[in-house]
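This report concerns only the one structure given below.
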Amino acid sequence: MLQLQNVHAGYGNVQVLRALSLTAKAGEVTCVMGRNGAGKSTMLRTIMGQIRASAGSITLNGTPIHGLPAHEVPRHGIGYVPQGRRLFSELTVAQNIEIGLMTRKKGAATRDHVLSLFPRLRERLSQRASTLSGGEQQMLAIARALCLEPAVLLLDEPTEGLQPSMITLIRETLLALKSTGVATVLVEQRVDAVLAMADQIAFITAGTVAETIPAKGLSHTASQFQKYVGI
Amino acid sequence: MDFGPYLLLALMEGTVMAAVLALTAVGLSLVFGVMRVVNVAHGEFLMLGAVLAWFVTHYVPGPPVVGFAVALVVCPLIVGGIAALSDTLILKRLNYDPEATIVATIGLSYIFQQAALSFYGPDARPVEAPFNLRIQFPWFGYSGYKIAVVLAAIVILLAIWLLMTRTRAGLIMRATQLDRDTARAFGINVDRVYAAVFALGAGLAAIAAVLIVPIQQAHYLMGHDPLLLSFIVVIIGGLGSLRGTLLAAVVIGLSDGVISVFFSPTLAKILATLLVAMVLVFRPQGLFGAKP
Ligand SMILES: Nc1ncnc2c1ncn2[C@@H]1O[C@H](COP(=O)(O)OP(=O)(O)OP(=O)(O)O)[C@@H](O)[C@H]1O
Ligand SMILES: [Mg+2]
């Protein structure tokens with residue numbers, strides 16, 4: 001379980017996150033919604049230790065991780081799929097996977113399992129990441145994060161700019177992961193995708209979680225979507 | 001001597017120059033490529049390597065080859081250590097800000113120079129070559145040591161290439177170069193990579209220094225020319241491109257050798273600088289650098 005309590009963080013002296021609290025449980029998908037600039041990506045980067053929380057706490061199964069150097073956070077089993085994918089573009093698919101595996105010293109078994117989820121990547125192992133299609137790049141970004149065999153998976157708008165069939169594939173992958181007990185935090189702007197995957201939805205506005213609601217039984221027309229996302 | 005043999009001699013001198021220059025410039029290029037740091041102190045790392053080589057060969061007893069072998073191992077390690085320390089104590093604290101690191105490495109270069117002046121003195125001192133072998137060509141005799149320098153440089157550059165392309169350490173360095181935040185998100189200790197790369201870059205300059213010092217003597221101001229030429233090479237080759245750096249080192253080294261022999265060393269430097277100006281005007285990313 002990943003828990004953020006009253007987290008404050010920002011860039012230089014610009015405060016972005018203000019007393020943000022969020023809990024992501026194992027085996028659940030927590031969707032995070034909010035307008036552009038609300039602080040969704042900043043929250044994920046703070047969890048990853050790329051931005052230091054100036055106050056509050058972030059714990060993983062009770063262990064505080066907010067003071068750790070950024071490179072130690074993933075070693076605790078937090079996989080990260082950043083916004084815009086951030087692949088190692090000049091490296092090959094195989095090398096991107098290898099870096100994922102190195103993070104927690106995983107071996108061939110993990111590699112095989114991850115590649116079996118994305119057969120198209122297996123066909124393109126020696127291709128440079130920058131030459132993949134947008135959808136394949138997103139698969140690789142997810143595959144790279146899964147190489148950690150993460151207990152917590154953070155995804156920042158993974159379906160941005162993808163066509164429906166690719167979105168379906170990603171959704172199925174995430175739902176399968178959920179059944180293995182992974183705690184997923186998914187930043188997602190599409191209401192239909194959120195409703196298809198989420199166990200709970202956290203709405204962020206002005207750097208804080210204003211409301212968290214269970215997703216079960218929620219309709220497209222729920223007032224929160226209008227209020228916090230403007231859809 | 002006839003023109004043919006004379007040209008051959010000039011090319012051989014140029015090859016020695018190119019070999020040493022390639023070692024030095026690859027160190028500079030590696031540091032810029034991975035860390036985005038323009039290391040103005042790079043020439044002084046070379047100078048430190050040379051001065052240390054003098055001390056080591058002077059104080060290690062036995063035949064010259066023993067002292068030289070010790071120097072070849074010890075000097076790059078010491079210089080690499082100094083570089084790693086400079087990185088951790090200074091560059092890291094500046095957050096690797098591009099402008100601040102330029103100023104900081106200028107400062108470092110003065111510190112190293114003055115330290116060398118204080119502890120080593122203003123004299124140029126020779127270091128004996130590890131062996132004295134003259135290879136007799138039909139037209140002239142040539143220093144076997146210089147040929148050994150070229151071979152050594154090729155072996156070391158090959159090792160660097162293998163390190164960067166075939167090993168896990170190389171993969172980590174390249175990932176850090178491409179995206180340091182994401183590298184951290186995959187468990188790469190970027191601070192340690194930076195210290196190691198800065199040490200490696202300086203170590204390469206120190207190896208070049210140990211190789212060159214039996215030919216050139218050790219002097220506390222000897223870092224200037226290699227720094228200038230390394231920058232020329234790295235700009236022509238394309239900042240951060242190892243392949244470009246190597247090719248440019250060969251071009252600059254050979255032409256420097258030939259022009260120096262037939263005309264004058266000054267003309268060689270003038271032409272090299274002119275070439276840099278042309279590259280900057282017509283192909284600012286360098287001949288092998290990626291388009292920005
Ligand atoms: N590197 C940075 N330096 C300074 N301010 C930043 C930086 N990155 C983001 N910000 C600011 O922090 C705020 C939150 O940005 P963030 O990227 O977290 O938003 P977001 O909710 O992910 O938006 P989007 O939906 O557009 O991805 C914005 O006002 C943004 O301008
Ligand atoms: Mg964002």
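The values are calculated or read from the model by the stated rules, or taken from the named source; none is laboratory data. Since the structure is predicted, the reported quantities are computational estimates derived from the model, not experimental observations. Positions of Cβ are backbone-derived with ideal geometry, glycine not excepted, and every protein chain shown enters the neighbour counts.
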Of all residues in the range A:213-222 being surrounded by fewer than 16 Cβ atoms within 10 Å (Cβ to Cβ) and under 18 Å from A:GLY27 (Cβ atoms), which is farthest from ligand 2 (Cβ to nearest atom)?
A:LYS216
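Would you confirm whether or not the range A:7-27 contains a residue that is surrounded by 23 or more Cβ atoms within 10 Å (Cβ to Cβ) and either within 14 Å of another protein chain (Cβ to nearest Cβ) or closer than 25 Å to A:ALA143 by Cβ (or both)? Step through it out loud before you land on a result.
Pass one, the range A:7-27, residues surrounded by 23 or more Cβ atoms within 10 Å (Cβ to Cβ): A:7, A:9, A:17, A:20, A:24.
In the following step, the residues that additionally are either within 14 Å of another protein chain (Cβ to nearest Cβ) or closer than 25 Å to A:ALA143 by Cβ (or both) were identified as A:24.
So far as the range A:7-27 goes, yes, one or more of its residues are surrounded by 23 or more Cβ atoms within 10 Å (Cβ to Cβ) and either within 14 Å of another protein chain (Cβ to nearest Cβ) or closer than 25 Å to A:ALA143 by Cβ (or both).
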Selected residue (criterion: nearest to the other protein chains (Cβ to nearest Cβ)) from residues of the range A:141-187 that are among the small types (Gly, Ala, Ser) and away from ligand 2 (no atom under 16 Å from the Cβ):
A:ALA145
For B:ALA248, state whether it is touching a helix residue (DSSP H, G or I) at 6+ places or on another chain (Cβ under 6 Å), small (Gly, Ala, Ser) and within 30 Å of B:ILE111 (Cβ to Cβ).
yes
Cβ-Cβ below 6 Å, separation at least six or inter-chain, first residue in the range A:98-118 and more than 9 Å from chain B (Cβ to nearest Cβ), second among the hydroxyl-bearing types (Ser, Thr, Tyr): which pairs?
A:LEU117/A:THR173
In this structure, does A:GLN3 turn out to be away from every other protein chain (no Cβ under 12 Å), within 23 Å of A:LYS178 (Cβ to Cβ), within 15 Å of the chain's Cα centre (by Cα) and not hydrophobic (A, V, I, L, M, F, W, C)?
yes
Of all residues in the range B:38-55, how many are surrounded by fewer than 24 Cβ atoms within 10 Å (Cβ to Cβ) and in contact with a Leu (Cβ under 9 Å, 6 or more places away or on another chain)?
2
Return the pairs, sorted by first residue and then second, in which the second residue is small (Gly, Ala, Ser), the first residue lies in the range A:182-205 and is under 19 Å from A:GLY84 (Cα atoms), the beta carbons are less than 6 Å apart, and the residues are 6+ apart or on different chains.
A:VAL185/A:ALA24
Given the condition within 16 Å of ligand 2 (Cβ to nearest atom), away from chain B (no Cβ under 14 Å), farther than 22 Å from A:ASN6 by Cβ and surrounded by fewer than 18 Cβ atoms within 10 Å (Cβ to Cβ), answer yes or no: does some residue in the range A:190-197 qualify?
yes
Within the range A:166-189, track down each residue that is surrounded by fewer than 16 Cβ atoms within 10 Å (Cβ to Cβ) and either among the small types (Gly, Ala, Ser) or not in a helix (DSSP H, G or I) (or both).
A:ALA176, A:SER179, A:THR180, A:GLY181
Members of the range A:34-70 found to be in a loop (DSSP other than H, G, I, E, B), touching a residue at least 24 places away in the same chain (Cβ under 8 Å) and within 12 Å of ligand 1 (Cβ to nearest atom), listed by number
A:GLY34, A:ARG35, A:ALA38, A:GLY39, A:ILE51
Would you check if there is a residue in the range A:20-27 being within 18 Å of the chain's Cα centre (by Cα) and on the phi > 0 side of the Ramachandran plot?
yes
Given the condition within 16 Å of ligand 2 (Cβ to nearest atom) and either assigned to a loop (DSSP other than H, G, I, E, B) or of a type in the set (A, V, I, L, M) (or both), answer yes or no: does some residue in the range A:129-140 qualify?
no
For the range A:1-33, enumerate the residues that are among the polar types (S, T, N, Q) and within 16 Å of ligand 1 (Cβ to nearest atom).
A:ASN13, A:GLN15, A:THR30
Quick one: count up the residues across the range A:40-64 that are out of contact with any strand residue (DSSP E or B) (no Cβ under 8 Å at 6 or more places or on another chain) and of a type in the set (D, E, K, R).
1
Candidate set: the range B:89-105, residues that are assigned to a helix (DSSP H, G or I) and farther than 16 Å from B:ALA202 by Cβ; chosen: the one nearest to the chain's Cα centre (by Cα):
B:ILE102
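Any residue that is in contact with a helix residue (DSSP H, G or I) (Cβ under 8 Å, 6 or more places away or on another chain), more than 16 Å from ligand 2 (Cβ to nearest atom) and either in a strand (DSSP E or B) or within 13 Å of chain B (Cβ to nearest Cβ) (or both) - is there at least one of those in the range A:77-86? Quick ask: steps written out before the conclusion?
At the first step, the residues of the range A:77-86 found to be in contact with a helix residue (DSSP H, G or I) (Cβ under 8 Å, 6 or more places away or on another chain) are A:78-83, A:85-86.
Keeping just the survivors that are more than 16 Å from ligand 2 (Cβ to nearest atom) gives A:78-79.
Narrowing further to those that are either in a strand (DSSP E or B) or within 13 Å of chain B (Cβ to nearest Cβ) (or both): A:78-79.
Within the range A:77-86, one or more residues are in contact with a helix residue (DSSP H, G or I) (Cβ under 8 Å, 6 or more places away or on another chain), more than 16 Å from ligand 2 (Cβ to nearest atom) and either in a strand (DSSP E or B) or within 13 Å of chain B (Cβ to nearest Cβ) (or both).
Listed residues B:SER86, B:SER109, B:SER118, B:SER143; which is surrounded by 13 or more Cβ atoms within 10 Å (Cβ to Cβ) and over 20 Å from the mean Cα position of the chain (by Cα)?
Unique residue meeting the criteria: B:SER143.
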Note: among A:GLY207, A:GLY161, A:GLY134, just one is surrounded by fewer than 18 Cβ atoms within 10 Å (Cβ to Cβ) and at positive phi, namely A:GLY161
Given the conditions (1) modelled with pLDDT of 95 or more; (2) assigned to a helix (DSSP H, G or I); (3) farther than 15 Å from A:ALA176 by Cα; (4) more than 16 Å from ligand 2 (Cβ to nearest atom), every one holds for A:ARG120 apart from (1)
Picking from A:ALA38, A:ALA53, A:ALA70, which residue would you name as being buried (at least 16 other Cβ atoms within 10 Å of the Cβ), under 28 Å from B:ASP191 (Cβ atoms) and more than 12 Å from chain B (Cβ to nearest Cβ)?
A:ALA53
Out of A:GLN189, A:GLN163, A:GLN137, I need the residue that is polar (S, T, N, Q), more than 16 Å from ligand 1 (Cβ to nearest atom) and under 16 Å from the mean Cα position of the chain (by Cα). Which one?
A:GLN137
Taking interchain pairs and intrachain pairs at least six residues apart, which have beta carbon atoms under 7 angstrom, with the first residue in the range B:167-181 and within 10 Å of chain A (Cβ to nearest Cβ) and the second of a type in the set (Lys, Arg) and outside any helix (DSSP H, G or I)?
B:ASP179/A:ARG86
Any idea which of B:VAL197, B:VAL150, B:VAL210, B:VAL155 is away from chain A (no Cβ under 11 Å), in a helix (DSSP H, G or I) and touching a Cys at 6+ places or on another chain (Cβ under 8 Å)?
B:VAL210
